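Asker: Here it is, the structure in full.
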Amino acid sequence: MTMKASPQWDDEVDLLVIGAGAAGMATALVATLQGLNVRLVEKSAQVGGTAATSAGTLWIPGNRQGIAAGYHDCVEDGRRYLRELAKYSEKADLRLRSDGRGPVLEADDPLGLLLTSHHTIVTADLPRAARLYTEILEGEPIATSVDPVTGAQSTYIRLADTLLEFVTPVADTALWARVAQGEDYYLGLTYLVNDTQAVGAHLDSVGVQYDTGRDGEVIIPPAAGFGVQWRFVQSLPYPAQARQLPAF
């Protein structure tokens, strides 16, 4: 089997959407209606993604648009369907836990992960970088902070159940040099864990390089972490209630 060479092209847009499924096409449409220059790319010969094999419909029980139109789904039926579809769903989505519990520590997890705290994006232009998430996708800024050592400013934005940290570095630093030409930099992920010392001990046992921060956090640098930074902390850098999800 021979593969055709991909066409070479160079284009600059406000928003690049990868995947022409229901979510990708909706994102591209809304962004275009908001005035952004959008390019939507799809690797297959047809658009629609998995929604194309479901008669183009998506079941979202209890959504406000359906209720307004007179369709009253039973939310509990939706919960039961998802639990049977994926037995791990209650662990994956806090909204499916009938008792409202928080993160659950898995006994056999050597890292003691509780949840993904946030993704970190470094930018020299916060208003421009955050516009997609706040003005277009209606994300909510929930906290700001300043690193007492580097002086870098962080702004945390909640988008559904995902938290994004936008870091604006101080001029003439290594991070600033990385983004000074206007290209944002995805730095990495931060996880909330039960015990950072246990994380360090496990990484030592498997020979993974890491650094220890001033507050005891464990940091795997990009060079040892497949090109991105992995950070493990015992406390959240924003109000804990920001992790609470709306009722499903």
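The numbers here are math on the coordinates, done by the rules we state, and not lab data. A quick note: this is a predicted structure, and the numbers were derived from the prediction, not measured. In this analysis, Cβ positions are derived from the backbone assuming ideal geometry, glycine residues included, and neighbour counts consider all displayed protein chains.
Asker: Per residue and in Å³, how big is the convex hull formed by the alpha-carbon atoms of segment 99-190?
Answerer: Per residue, the Cα convex hull of segment 99-190 comes to 129 Å³.
Asker: Net charge near GLY139, counting Lys/Arg +1 and Asp/Glu -1 over other residues with Cβ under 11 Å of its Cβ?
Answerer: -1
Asker: Let me know the charge dipole size of segment 111-248 about its Cα centre in debye, to the nearest 20, where only the beta-carbon of Lys, Arg (+1) and Asp, Glu (-1) is charged.
Answerer: Roughly 80 debye for segment 111-248.
Asker: Quickly rank 112-120, 167-175, 67-75, 129-137 as a protection proxy: mean count of other C-beta atoms within 10 Å, highest first.
Answerer: Answer by packing, highest mean first, reads 112-120, 129-137, 167-175, 67-75.
Asker: Given an 8 Å cut-off on Cα distances and at least 6 residues of separation, report the relative contact order of segment 139-248 as a percent.
Answerer: Over segment 139-248, the number comes to 21 percent.
Asker: Which net charge results when you count Lys and Arg as +1 and Asp and Glu as -1 among the other residues whose beta-carbon is under 13 Å from that of GLY225?
Answerer: On the way: positive: ARG231; negative: ASP211.
It works out to a net charge of 0.
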